[in-house]
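Just below is one structure, and these are the notes that go with it.
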Amino acid sequence: MAKRPCPSSAENPMLPSSFSQMDNLLLSFLSLSDSSPPVSLDLSFDRLLESAPSDADQSLLIDRAHNLGSLLLRAANRSARKRASLHNSIAWALPPDLTIKVFSMLDSQSLCYAAATCSMFNKCAMDPLCYANIDLTTVVPKVNNAVVSTMIQRAGKSFLSLKLGIVPGPTSSPGSCQPLVYSIRNSVDVSSFSWNDKKTRQGKESSILTRSCLYPLSGDNGAAGTLLRRLHLYNIERMDNASLCVALAACPSLLDLEIVGLHVELRQTLMSVSSNCHLIERLFFESSKTGRDDSLKSPTCVDLVNNCPNISSLSLRGFKLHDYKVRILVKGFRKLKYADFSTSYSISGTFLRNLGSGFGGNLLEVLILRDCMHLKEVEVARFLTAVLAGDFKFLRYLDISNREGLASEGDWYQRSYNSSIIPLKQVLEVRPNICLLAEFPSEGCYIDIDHMFDSDVNSEISLPSQLSSHTSDGSLLMSSSESSYNSDQGSGNEEYQVSGFVIYEESSDEVDFLVV
């Protein structure tokens, strides 16, 4: 039987002259596989094996066949991807620069999905502009330190924003009145995931992000941290004071800092912000344990006011703050428009006296004092009377709701709400542009505070779960679930002097602070 000659470029004028012998051989092989039935190929390979002189030679032929088949398969797949990419580049209407612009508007998870679609999208998704605003927040823990480092490296000199951690629940929105503090002990059910049903995973999943997750900010002489403008951190359980302070020290251009549920001390964090983040404009800090952090000192407040004069939005939620410290902050920040001290344990409201006159406090547009345990009804009444008198001209949103009612003047254990004392209706009539939230227990209903603390004194503090929604007329309505606070015998607002500062007794006159 005569052998079939291999076609060559000379015999087949349709083939390019640049074809090599390997090209011609491959073409012959592929043509043979198309024109010959599979049985013929199998029989030919069997005869080839039988002609081998030894078993080792037969094994060698089989291995070579496997390798050749794998090489052909990889080459075919690679060529198919190239053809698909070429097709996509022709069919995709946007040029690469606009595609990169669109990808830069995606959240980080959607960007990763787009990058896995095709090689053209992958190339566009690798552009540093797509990683300028990194959002790695999740409902359940699934991001580790390596992912954070990779994202920051990809951002390069375009790095502007980093959001990281666990934001519980699909309805939570950072910066809203809803508490964002997350604990592994809380039951979270998202997409059939339940901590209670998967207790064996709790330890592993909760510790995926460790205290070293922010080290890329300070690495390479702090190149990444120098570019950062916005840093939001949520419920990173193993983050500590030292690691957070190192990260903040590498971020001198930071404008927006949001910290929720981290086990870090308020005083040390504010000291680090005061020392390193002089340009900051927005500071949001929510305690992981309501009412237990009493670390803030007056000198820290003064340093923050002096070193960070551009703060226009300040939120310190869930801390044990005293009125004179809050007054230092509110009066000191001359550009302050947004203030939120929700669930602050020791605030009685005396810091509000004469706040709307003069500099500091007069520019307030939003004031939130929701569920402040020691907030007194008489101080709220004085504040609203000042609003009626024409102070706080820029105020457009006020929240003084309290699920246990306001504290009475003589004894904060006695909770009450008296509409005759608090001029709510008058304020709404005189200032109809103000959205006023004042949700209290039914009038005449008092809470047994002693019984509440006796039942909860040895348990974890439970934070309020507030759901907010906008009505058709634009007003904001909120509902709250039950919560409890850590208690002591007094509000903690007794006047005293702090070393290095003179704190004048609070009265109807303005409280000042001077460096001795």
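The values are calculated or read from the model by the stated rules, or taken from the named source; none is laboratory data. Predicted model, so just to flag it, every value in this text is computed and none were measured. Heads up, the Cβs are rebuilt from the backbone with ideal geometry, glycines too, and the neighbour counts pull from every protein chain shown. Note: areas computed on protein heavy atoms with side chains; ligands, DNA, RNA excluded. Shrake-Rupley method; radii C 1.70, N 1.55, O 1.52, S 1.80 Å.
Within segment 421-433, does at least one residue satisfy the condition of being part of a loop (DSSP other than H, G, I, E, B), of a type in the set (S, T, N, Q) and open to solvent by 10 Å² or more (accessible area, probe 1.4 Å)?
Checked segment 421-433: at least one residue is part of a loop (DSSP other than H, G, I, E, B), of a type in the set (S, T, N, Q) and open to solvent by 10 Å² or more (accessible area, probe 1.4 Å).
Residue under question is ILE328, and the condition is that it be over 22 Å from ARG230 (Cβ atoms) and assigned by the TED database to the domain that holds LEU398; does it hold?
Considered against the rule, which asks whether it is over 22 Å from ARG230 (Cβ atoms) and assigned by the TED database to the domain that holds LEU398, ILE328 comes out as yes.
Take the residues in segment 207-226 that are under 24 Å from THR138 (Cα atoms) and aliphatic (A, V, I, L, M), then tell me which one is most open to solvent (accessible area, probe 1.4 Å).
So, considering only residues that are under 24 Å from THR138 (Cα atoms) and aliphatic (A, V, I, L, M), the one most open to solvent (accessible area, probe 1.4 Å) is ILE208.
In segment 363-380, what residues are open to solvent by less than 10 Å² (accessible area, probe 1.4 Å) and either touching a residue at least 40 places away in the same chain (Cβ under 8 Å) or not assigned by the TED database to the domain that holds ASN418 (or both)?
Matches in segment 363-380: ILE368, ARG370, ASP371, MET373, HIS374, VAL380.
Results for (1) open to solvent by less than 10 Å² (accessible area, probe 1.4 Å); (2) modelled with pLDDT under 95, shown as yes or no for each residue.
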position: GLY261; (1), (2): yes, yes
position: VAL264; (1), (2): no, yes
position: LEU283; (1), (2): yes, no
position: ASP293; (1), (2): no, yes
position: TYR338; (1), (2): no, no
position: TYR345; (1), (2): yes, yes
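Check PHE29, PHE19 and return the single one that is of a type in the set (Phe, Trp, Tyr), at pLDDT below 75, under 60 Å from the mean Cα position of the chain (by Cα) and in a loop (DSSP other than H, G, I, E, B).
None of the other options fit; the residue is PHE19.
Answer yes if at least one residue in segment 240-255 is in contact (Cβ under 8 Å) with a residue 12 or more places away in the chain, outside any loop (DSSP other than H, G, I, E, B) and touching a strand residue (DSSP E or B) at 6+ places or on another chain (Cβ under 6 Å), and no otherwise.
So far as segment 240-255 goes, no, none of its residues is in contact (Cβ under 8 Å) with a residue 12 or more places away in the chain, outside any loop (DSSP other than H, G, I, E, B) and touching a strand residue (DSSP E or B) at 6+ places or on another chain (Cβ under 6 Å).
Mind checking which residues of segment 69-81 are in contact with a helix residue (DSSP H, G or I) (Cβ under 9 Å, 6 or more places away or on another chain) and at pLDDT 75 or above?
If the condition is that a residue be in contact with a helix residue (DSSP H, G or I) (Cβ under 9 Å, 6 or more places away or on another chain) and at pLDDT 75 or above, then LEU72 is the only one that fits.
Can you tell me how many residues within segment 40-78 are within 46 Å of the chain's Cα centre (by Cα) and open to solvent by 60 Å² or more (accessible area, probe 1.4 Å)?
The total comes to 4.
Considering segment 119-145 alone, what residues qualify as being among the aliphatic types (A, V, I, L, M), open to solvent by 20 Å² or more (accessible area, probe 1.4 Å) and modelled with pLDDT of 90 or more?
Those that are among the aliphatic types (A, V, I, L, M), open to solvent by 20 Å² or more (accessible area, probe 1.4 Å) and modelled with pLDDT of 90 or more: MET126, LEU129.
Kindly indicate which of SER420, SER346 is farther than 21 Å from ARG317 by Cβ and not acidic (Asp, Glu).
SER420
In this structure, is LEU314 open to solvent by less than 10 Å² (accessible area, probe 1.4 Å), assigned by the TED database to the domain that holds VAL143 and touching a residue at least 40 places away in the same chain (Cβ under 8 Å)?
Values: open to solvent by less than 10 Å² (accessible area, probe 1.4 Å): yes; assigned by the TED database to the domain that holds VAL143: yes; touching a residue at least 40 places away in the same chain (Cβ under 8 Å): no.
Considered against the rule, which asks whether it is open to solvent by less than 10 Å² (accessible area, probe 1.4 Å), assigned by the TED database to the domain that holds VAL143 and touching a residue at least 40 places away in the same chain (Cβ under 8 Å), LEU314 comes out as no.
Give the residues of segment 275-306 that are of a type outside the set (A, V, I, L, M, F, W, C) and within 13 Å of CYS251 (Cβ to Cβ), sorted by residue number.
The initial filter retains those residues of segment 275-306 that are of a type outside the set (A, V, I, L, M, F, W, C), namely 275-276, 278, 281-282, 286-295, 297-300, 303, 306.
Answer for segment 275-306, where residues must be of a type outside the set (A, V, I, L, M, F, W, C) and within 13 Å of CYS251 (Cβ to Cβ): SER275, ASN276, HIS278.
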